[in-house]
1. Taking the residues in the range 70-93 that are among the β-branched types (Val, Ile, Thr) and exposed (fewer than 15 other Cβ atoms within 10 Å of the Cβ) as candidates, determine which candidate is farthest from GLN385 (Cα to Cα).
2. Can you find a residue that is touching a strand residue (DSSP E or B) at 6+ places or on another chain (Cβ under 8 Å), under 30 Å from GLU18 (Cα atoms) and acidic (Asp, Glu) anywhere in the range 381-394?
3. Could you look through the range 172-190, keep only residues that are touching a helix residue (DSSP H, G or I) at 6+ places or on another chain (Cβ under 9 Å) and charged (D, E, K, R), and pick out the one that is surrounded by the most Cβ atoms within 10 Å (Cβ to Cβ)?
4. Answer with yes or no whether GLY397 is loosely packed, with under 15 Cβ neighbours inside 10 Å, among the small types (Gly, Ala, Ser) and on the phi > 0 side of the Ramachandran plot.
5. Quick one: in the range 126-158, of everything that is touching a Phe, Trp or Tyr at 6+ places or on another chain (Cβ under 9 Å) and of a type in the set (S, T, N, Q), which residue is surrounded by the fewest Cβ atoms within 10 Å (Cβ to Cβ)?
6. Does any residue of the range 368-387 turn out to be part of a loop (DSSP other than H, G, I, E, B) and under 18 Å from PRO252 (Cβ atoms)?
7. Using the structure shown, decide if PRO169 is more than 26 Å from LYS383 (Cβ to Cβ) and touching a helix residue (DSSP H, G or I) at 6+ places or on another chain (Cβ under 6 Å).
8. For the range 258-303, what are the residues that are under 15 Å from ASP387 (Cα atoms) and basic (Lys, Arg)?
Amino acid sequence: MSLLRRWFDPIRSSWFYEKPTRQEVLPTEQGLRIYLRLDDVYSYLAVQQLTQLDDILSDALKPLKIIISDTTAEPPNGMSIEEWRNYSLNDAKILANQHRFSYDEEKPEQPTQEALQQAETILRNTPLTGQNFLYLLEDVFHMLWQQQYGKLRMLFVMASKQQKPQHFPERIFDHIPVLESYFEFGGRKYHAVDDLLRLTRRLKQQKLLIDNPIFLINHIEWREHLMSDAEELTEIQAMHPELNLYIALEDPISWLLLAYIKEELADYYNIQLHVFPLSYHGRDFFDWSLATRLSKRTEVKFTPFCRPTADGILKMAQLFYSVAEEQRIEAMYTILEAVWTKGKDLSFKAHLQQIQQELGIEDLVELDVMALLQENDQRCAEKHQPDFPVLELEIEGKRYVFNSLYRVWMIESIFSNVLEQKYKSDNDAELKDAEHLSDEKTKM
């Protein structure tokens, strides 16, 4: 690593962290936009919130601008189109269950091309505006994603015969690539579902809402536990859940989430953690403001840091694999803490030796560390996830795979669902026993 980066990164990161992360006021000239695709399942979830959002928007942001694209962007993380579709359909099911969206849980599938063309014609030709258009938009998405093709066909025939294409400045049909639905406000993008609460906090802070936003009511905030009942906690702890973390060591999100899970969730729920470091993925070119914001919300220390290079990753992994397996979680915590909160460059011999001594390592292991990292890469790729870190939770013989900072809440949600199913099974068993006993008494 260059001397410039080693010395400048800690200074720059500390300065960035201390300055205000929230721009006081974002410009409103462009209004509030939402980008949708008719064949995007996240757009289907997003439109179910639009009438409620429009109700509380101030006049300065009205009308809400709708951009409907017919072009998808490239899937992330090297995923194929089919892998992305399968992932997004399953992920949308999880979001729908958690946040009470309407969704076809039994057999979710992509709308047909004919249905998509009919839906676009309906939306292009309708003279409805404002809330009436938003209600129609939601209805059309329901027809598409719940395979209500008869209703859609009827509306299409009416729209084709009785109406002509309309032109409204707040309703645009475009070819801009859209992977998944997002809002745009003040030059910033917000995921239409995952960032909805962050967006509404911003709008409220700028006094652009006329009422309190109430969205995603089952959202689990950082440092707030979904489960606090002592009996429920004991039951989950007795199940000995395990959590595998596949992390890119140069990614600060890996440090922030590992630290948060270790400090806040692992002991609380008796989770056995396992870490699988990945090879260098170039994620040291990250969104500084996002990492800073996450640090403050999770209350995990961050900066001064020195972003690891590919060479630094190998040294970090060598330290990790040089300790006994049962000590590796603590070792990884110490290594990442040194990089992301003390500005250590582990490709620099003096810094490496300092951490080696702190970990009590006499001699670094003589293994092919790159081969181990590539083996972890392969195992991670088999999970077919679009982002890092990849998390794999095992409890009661079942495995659940999810990813990124946007899905950490799933850990506690899964625990809650496991207990709910257990109680339901226990109640059903008791009911059957009671019915059997009643039948025996009747025979007597």
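1. Taking the range 70-93 as the starting set, the residues that turn out to be among the β-branched types (Val, Ile, Thr) are 71-72, 81.
Next, from what is left, pick out any that are exposed (fewer than 15 other Cβ atoms within 10 Å of the Cβ): 71, 81.
Details: THR71: 22, ILE81: 13 Å.
Restricting to residues being among the β-branched types (Val, Ile, Thr) and exposed (fewer than 15 other Cβ atoms within 10 Å of the Cβ), the top hit is THR71.
2. Scanning the range 381-394, I find at least one residue that is touching a strand residue (DSSP E or B) at 6+ places or on another chain (Cβ under 8 Å), under 30 Å from GLU18 (Cα atoms) and acidic (Asp, Glu), so the answer is yes.
3. If we filter the range 172-190 for residues that are touching a helix residue (DSSP H, G or I) at 6+ places or on another chain (Cβ under 9 Å), which is where we start, we get 173, 178-183, 185-186, 188, 190.
Narrowing further to those that are charged (D, E, K, R): 180, 188.
Working: GLU180: 25, ARG188: 15.
Filtering first and then ranking leaves GLU180.
4. Numbers: loosely packed, with under 15 Cβ neighbours inside 10 Å: yes; among the small types (Gly, Ala, Ser): yes; on the phi > 0 side of the Ramachandran plot: yes.
When the stated conditions are applied, GLY397 passes them.
5. Step by step, filter the range 126-158, then rank; the result is THR129.
6. Initially, the range 368-387 is screened for residues part of a loop (DSSP other than H, G, I, E, B), giving 368, 382-387.
Remaining after also requiring under 18 Å from PRO252 (Cβ atoms): 387.
Yes; the residues of the range 368-387 include at least one that is part of a loop (DSSP other than H, G, I, E, B) and under 18 Å from PRO252 (Cβ atoms).
7. Numbers: more than 26 Å from LYS383 (Cβ to Cβ): yes; touching a helix residue (DSSP H, G or I) at 6+ places or on another chain (Cβ under 6 Å): no.
Criteria not met by PRO169.
8. Hit for the range 258-303 is ARG283, nothing else.
The values are calculated or read from the model by the stated rules, or taken from the named source; none is laboratory data. Keep in mind the model is a prediction, meaning the values are calculated, not measured. Because the Cβ atoms are built from the backbone with ideal geometry, glycine has one as well, and the counts that use them run over all protein chains shown.
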